[in-house]
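A short worksheet on the structure shown next.
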Amino acid sequence: MADTYVKERSADGRKDLRYPPAPEPLTVPVYDNHAHLEITDGPSTGSGAQGLSLTEQLDRAAAVGIAGVVQASGDIESSRWAVAAAEQDARVLAAVAIHPNDAPVYAADGRLDEAIAVIDELAARPRTRAIGETGLDYFRTEEPGRPAQHESFEAHIALAKKHGIAMQIHDRDAHDDVLETLTRVGAPERTVFHCFSGDDAMARIAADAGYWLSFAGNVTFKNAQNLRDALHVTPLERILVETDAPFLTPVPLRGRPNAPYLVPITVRFMAAELAMDVDELCAQLAANTLEVYGAF
């Protein structure tokens, strides 16, 4: 069962671990393109000591117009959890991968090839619709671990192509090398920059290459003008929305647990930023999600 959590997020430095109240529901349903529902957000949250169950998460999301969630992964255990969740509930699709910050750990243990082989097996399951999250992270991984990141990234690109599914990229402080790798190796047909972190110049490059840009709650942050600039130059047919839950809770709820049911806050912010009707943006976001991942 996918209700057993894989990880627990540390509560250090956060004062309010209560889940926020539900926002006003969206009229036109959308999807959360990227979440980590295998992570419980502290013992004091949700309906009990274990936080929100998978069903509770999805029911709360459905009640405000979130029709489904793409459950992302970062290691073998969370990838197996993602597949189990997707097979348990039709509102979930799975993305499986070894996270770039975990790749050097597997490599140091001599297990990277074995881990990628497991991802290969999980990618063949019908409810697995993406390889993710994979990519490069130069913020948390220093130079000695980066060759393993590159090896893992290229192997994951090959898996997405092999299985004909999408790929979700984690890119932190590695924009140029991520773009260079995609150009050199050849990107999968459906490539998504999860929690896009570049600027308007990078957004133009990514969109021109046919990639999708997924915006998370940090687009609402005061110091994230680069993300708002990127949003403005990205064609509507290339935009996705996500939570990256339990992280990146949108303003004005920063510091509290994030969850798919909070997507409407980010969507309404994006619509206001783009001077768009909310329903029109929702319809486009939903169509984009289904184009990338297929029907739920």
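Tabulated results
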read-out: Qualifying positions in segment 153-197 - more than 24 Å from PRO235 (Cβ to Cβ), acidic (Asp, Glu) and not in a loop (DSSP other than H, G, I, E, B); value: GLU154, ASP177
read-out: Conditions (1) in contact with a Leu (Cβ under 7 Å, 6 or more places away or on another chain); (2) crowded, with 20+ Cβ neighbours inside 10 Å; (3) not hydroxyl-bearing (Ser, Thr, Tyr); number of the one not met by ARG127; value: (2)
read-out: Residue in segment 45-56 that is at pLDDT 95 or above and of a type outside the set (A, V, I, L, M, F, W, C) present; value: no
read-out: Of all residues making up segment 102-123, the number that are open to solvent by 10 Å² or more (accessible area, probe 1.4 Å) and under 25 Å from ASN288 (Cα atoms); value: 1
read-out: Residue within segment 135-156 that is in contact (Cβ under 8 Å) with a residue 24 or more places away in the chain and in contact with a Cys (Cβ under 8 Å, 6 or more places away or on another chain) present; value: no
read-out: Matching residues in segment 20-31 - criterion: being open to solvent by less than 30 Å² (accessible area, probe 1.4 Å) and either of a type in the set (Val, Ile, Thr) or within 21 Å of ARG256 (Cα to Cα) (or both); value: PRO20, PRO23, VAL30
read-out: Looking only at segment 138-153, and only at residues there that are within 19 Å of the chain's Cα centre (by Cα) and closer than 18 Å to LEU179 by Cβ, the one that is most open to solvent (accessible area, probe 1.4 Å); value: PHE139
read-out: In segment 255-269, the residues that are in contact with a helix residue (DSSP H, G or I) (Cβ under 8 Å, 6 or more places away or on another chain) and of a type outside the set (S, T, N, Q); value: ALA259, PRO260, TYR261, LEU262, VAL263, ILE265, VAL267, ARG268, PHE269
read-out: Residues within segment 60-79 that are assigned to a loop (DSSP other than H, G, I, E, B) and closer than 18 Å to TYR31 by Cβ, tallied; value: 4
read-out: PHE215 being open to solvent by 20 Å² or more (accessible area, probe 1.4 Å), under 12 Å from the mean Cα position of the chain (by Cα), at negative phi and of a type outside the set (Asp, Glu); value: no
read-out: Unique residue being assigned to a strand (DSSP E or B) and not β-branched (Val, Ile, Thr) when the list is ALA95, ALA82; value: ALA95
read-out: Subset of segment 179-205 [surrounded by 23 or more Cβ atoms within 10 Å (Cβ to Cβ) and out of contact with any helix residue (DSSP H, G or I) (no Cβ under 8 Å at 6 or more places or on another chain)]; value: HIS194
read-out: PHE296 vs. criteria touching a helix residue (DSSP H, G or I) at 6+ places or on another chain (Cβ under 9 Å), touching a residue at least 60 places away in the same chain (Cβ under 8 Å), in a loop (DSSP other than H, G, I, E, B) and surrounded by fewer than 18 Cβ atoms within 10 Å (Cβ to Cβ); value: no
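Quick grid of which residues meet (1) touching a residue at least 12 places away in the same chain (Cβ under 8 Å); (2) touching a helix residue (DSSP H, G or I) at 6+ places or on another chain (Cβ under 7 Å); (3) open to solvent by 50 Å² or more (accessible area, probe 1.4 Å):
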position	(1), (2), (3)
GLU237	yes, yes, yes
PRO246	yes, no, no
VAL251	yes, yes, yes
ALA271	no, yes, no
LEU281	yes, yes, no
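Table: residues versus (1) surrounded by 19 or more Cβ atoms within 10 Å (Cβ to Cβ); (2) more than 24 Å from ASP171 (Cβ to Cβ).
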residue: ALA61; (1), (2): yes, yes
residue: VAL70; (1), (2): yes, no
residue: GLY74; (1), (2): yes, no
residue: SER79; (1), (2): yes, no
residue: VAL83; (1), (2): yes, yes
residue: GLN88; (1), (2): no, yes
residue: LEU93; (1), (2): yes, no
residue: ALA97; (1), (2): yes, no
residue: PRO100; (1), (2): yes, no
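The values are calculated or read from the model by the stated rules, or taken from the named source; none is laboratory data. Just so it is clear, the structure is predicted and the values come from calculations on it, not from any experiment. Using ideal geometry, Cβ is built from the backbone for each residue, glycine included, and neighbour counts are taken over all protein chains shown. The accessibility values were calculated without ligands, DNA or RNA, using every heavy atom of the protein model including side chains. Shrake-Rupley method; radii C 1.70, N 1.55, O 1.52, S 1.80 Å.
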